[in-house]
Amino acid sequence: MDFTSFLIQLLNSVQYGFLLFLVASGLTLVFGIMGIINLAHGAFYMFGAYIVWWLFGFTESLTLSILFGVPLIMLLGLAIERLAIAHLYQRDHLYQVLLTFGMILVLNECQKIFWGTDFYSVPVPEVLSGSIPLTENQVYPIYRVFISIVCMLIAAGMYLLIQKTRLGMTIRAGASNREMVQALGVNINWVFAVVFSLGAGLAGFAGMIGAPVSSVYPGMGDQILIISFVVVVIGGIGSIKGAFIGAMLIGLADTFGKVLVPDFASMAVYATMAVILLWRPQGLFGQSAH
Amino acid sequence: MFRTSLTTNLILICLLVVLAALPPFLGIYYGNMVTRLMILGIFAMSLDLLIGFTGLVSFGHAAFFGLSGYILGIVMMDTETASIYWVLPACLGVTALASLVIGWFSVRTSGIYFIMITLAFAQMLFYFFNENTALGGSDGMFIFAKPTLAIGSWNPIDFEDHHTFYYVVLVSLILSYLGLRRLLNAPFGQVIQGIRTNEDRTRALGFATRRYKLVSFIIAGTLAGFAGFLEAMHTSIISPAHLGWHESGNVMMTVILGGIGTLHGPVLGAFAFGFLHDWLQDVTEHPTLYMGIFVIAVVLFLPRGIAGLPADIARWLRRKPPGDGGSPP
């Protein structure tokens, strides 16, 4: 592998890693703070992609579609949290897994009812459709670079939100000791609803911004969900920093796996996870108290 | 001790008699369906050994179910006939080995990590078979010939015959049930149930809990492999979908629907689930949608499953309706 193709693969891994991070950070936050395993998280990613494709038919603009789409996904997340998840806080993980599994069946079927089983594609916006020449015959699409930059900004925004704002402070406090936060007079139910809806929004946004590079198809949510689980487990459940490192590691393992061992690329991801867990069963940044 | 009440035993024996008497009345379609549901019952019981009795929530149990079927497929790929005396041990042996490896990693963790790790390992196997073009890739493979029981020219049981196979599966189901029951009443079973109730105390009593959990994982995995073997024999086809996480989710749903922590519950769950799905397919275009709603409803309203239903109803009947006198103030 020469340097340019190495660079291309590296950029691809980073871009994939960032998308994964957006999905996985919601998953890890929801678990870390609410203690809920949400299998339906991937469905938000899928709905994001479908909604942006659907809205694109009216608005003809990716930006506008995303601007309208994200609130829709957040509302969907809020509704699901209030109607179903809220009843599960005191229950065993087993029931959370099962309820959200049922939720996947329902949401996947709804997707088929609304939009059918065809593959769709969303065009890359005109301004970003060019490519950056790397050598005489190798180029790199601008839109992929754009995805990385946007995701980086969002990651930075999340960092600021969680580290520097009052809401972030409450969220962090809720993650480390739920009862204490409640005793201090914070309405923890409200925090839960906000976090869940935020996580849904992030996953939906990842699906939207990623729609032009991956096509829009049934089952896309299941695929990203499982990979996000791996990311979360590697990083340590509840840790945003861990989700970031884990997403980048998986991005690298997946992209380079596809180039180096094309037949077993998907296994490379899980092998990475097994090795890391052998070394640290609680994940890279997880608390060993589990 | 793992005991069931006299009433439960009587009901179970009645159901068994019904199952044994049914085949002549079932026809091909329902005969196959009941056979499949009994196989799923064995599969669900094996998962309940983990979830209900050891307290290990495995979300990758289908891996062993499918793996065993694939081994059967691989063994039968280039051969016309093979003897079950070595094919079955081969399938179970590979499955046991796989559950040893996966279990060794998994039991080091607990709670949500355990759920996710078992899921990830199952996915790893899923992709291994999904991307392996020699084994049919995502389409899976046909199993053209079944292994036989024949010794020389003497063949006591012909697996090709639907009725015979029905009874083979029924006997397997009964033996699995009795075997698990025996296991749960043995000292080993007492220890794993102790682990479920309170792992720290069990460890404090001097039991190497991690080793017990691993053995329980291997037994459950191997029994799931046995169910997978029967399933592959029954349908003559094996595909990556058998190992997928939807299958793992479905069997988990079966266990919960039937009632965790009982042995007959998962079998009842398999039947309820199977017939419900069959009925939904007839009456609606979107069976999965209603299946999903049903699962959500079971989790929210029926946490103890079908096996817990009589107790739930009894408690509901005993509760005095409001305004019915009650104790004076």
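The values are calculated or read from the model by the stated rules, or taken from the named source; none is laboratory data. The structure displayed is predicted, hence computed values, not measured ones. So basically every Cβ, Gly included, is an ideal-geometry build from the backbone, and we count neighbours across all protein chains shown. Areas reflect the complete protein model, heavy atoms only, side chains present, ligands, DNA and RNA absent. Shrake-Rupley method; radii C 1.70, N 1.55, O 1.52, S 1.80 Å.
One residue stands out among those in region B:303-314 that are open to solvent by less than 60 Å² (accessible area, probe 1.4 Å) and in contact with a Ser or Thr (Cβ under 9 Å, 6 or more places away or on another chain): the one that is nearest to the other protein chains (Cβ to nearest Cβ), which is B:G305. Give me the residue from region A:62-110 that is open to solvent by 20 Å² or more (accessible area, probe 1.4 Å) and hydroxyl-bearing (S, T, Y) and, out of that set, farthest from the other protein chains (Cβ to nearest Cβ). Among those that are open to solvent by 20 Å² or more (accessible area, probe 1.4 Å) and hydroxyl-bearing (S, T, Y), it is A:T63. Of the listed requirements (1) on the phi < 0 side of the Ramachandran plot; (2) within 13 Å of chain B (Cβ to nearest Cβ), A:G35 misses just one: (1). Of all residues in region B:123-169, those being within 14 Å of another protein chain (Cβ to nearest Cβ) and either of a type in the set (A, V, I, L, M) or assigned to a helix (DSSP H, G or I) (or both) number 13. Exactly one residue among A:G157, A:G174, A:G168 is surrounded by 18 or more Cβ atoms within 10 Å (Cβ to Cβ) and away from chain B (no Cβ under 13 Å), and that residue is A:G174.
Looking only at residues of region B:262-302 that are under 19 Å from the mean Cα position of the chain (by Cα) and assigned to a loop (DSSP other than H, G, I, E, B), we find that the one that is nearest to the other protein chains (Cβ to nearest Cβ) is B:T262. Selection over region B:81-122 of residues that are away from every other protein chain (no Cβ under 14 Å) and β-branched (V, I, T) gives a count of 5. Cβ-Cβ distance below 7 Å, separation of 6 or more or different chains: which pairs start in region B:264-288 with a residue that is closer than 30 Å to A:G116 by Cβ and open to solvent by less than 60 Å² (accessible area, probe 1.4 Å) and end on one that is assigned to a helix (DSSP H, G or I) and among the β-branched types (V, I, T)? Here the result reads B:F273/B:T254; B:H286/A:I113, each pair linking region B:264-288 to a residue that is assigned to a helix (DSSP H, G or I) and among the β-branched types (V, I, T).
Against the conditions (1) open to solvent by 20 Å² or more (accessible area, probe 1.4 Å); (2) farther than 23 Å from B:C91 by Cβ; (3) among the hydrophobic types (A, V, I, L, M, F, W, C), B:I157 satisfies every one except (2). The single residue among B:L49, B:L40, B:L72, B:L56 that is touching a helix residue (DSSP H, G or I) at 6+ places or on another chain (Cβ under 9 Å) and within 14 Å of chain A (Cβ to nearest Cβ) turns out to be B:L56. Any chance region A:99-112 includes a residue that's of a type in the set (S, T, Y) and within 21 Å of the chain's Cα centre (by Cα)? Yes: one or more hits. Here is a check on your reading of the model: is A:A193 open to solvent by less than 30 Å² (accessible area, probe 1.4 Å), part of a helix (DSSP H, G or I) and touching a His at 6+ places or on another chain (Cβ under 7 Å)? Taking the combined requirement at face value, the residue does not satisfy it.
Within region A:272-290, residues that are more than 10 Å from chain B (Cβ to nearest Cβ) and at pLDDT 80 or above reach partners that are open to solvent by 40 Å² or more (accessible area, probe 1.4 Å) and not in a helix (DSSP H, G or I) with beta carbons closer than 9 Å, at six or more positions or on different chains, in the pairs A:R280/A:S288.
Yes or no: A:D92 more than 21 Å from A:N38 (Cα to Cα) and of a type in the set (D, E)? In short, no.
A single member of B:V299, B:V255 is out of contact with any Ser or Thr (no Cβ under 9 Å at 6 or more places or on another chain), surrounded by 23 or more Cβ atoms within 10 Å (Cβ to Cβ) and either acidic (D, E) or under 23 Å from B:T4 (Cα atoms) (or both), and it is B:V255.
Hey, among the residues in region A:202-235 that are hydroxyl-bearing (S, T, Y) and open to solvent by 10 Å² or more (accessible area, probe 1.4 Å), which one's nearest to the other protein chains (Cβ to nearest Cβ)? This residue is A:Y217. One residue alone among B:R201, B:R108, B:R196, B:R181 is surrounded by fewer than 14 Cβ atoms within 10 Å (Cβ to Cβ) and either assigned to a helix (DSSP H, G or I) or of a type outside the set (A, V, I, L, M, F, W, C) (or both), and that residue is B:R201.
Scanning region A:182-220 for residues that are of a type in the set (S, T, Y) and farther than 11 Å from A:M74 by Cβ yields A:S214, A:S215, A:Y217. Condition check: within 14 Å of chain B (Cβ to nearest Cβ), of a type in the set (A, V, I, L, M), outside any loop (DSSP other than H, G, I, E, B) and in contact (Cβ under 8 Å) with a residue 24 or more places away in the chain. Does A:I113 satisfy that? Criteria not met by A:I113. When each of A:V213, A:V259, A:V231 is tested for being modelled with pLDDT of 90 or more and either outside any helix (DSSP H, G or I) or not charged (D, E, K, R) (or both), the lone residue that passes is A:V231. Filter region A:246-267 for residues that are under 25 Å from B:G111 (Cα atoms) and either among the acidic types (D, E) or more than 10 Å from chain B (Cβ to nearest Cβ) (or both) and give the result. A:G246, A:A247, A:L249, A:I250 - these are the residues of region A:246-267 that are under 25 Å from B:G111 (Cα atoms) and either among the acidic types (D, E) or more than 10 Å from chain B (Cβ to nearest Cβ) (or both).
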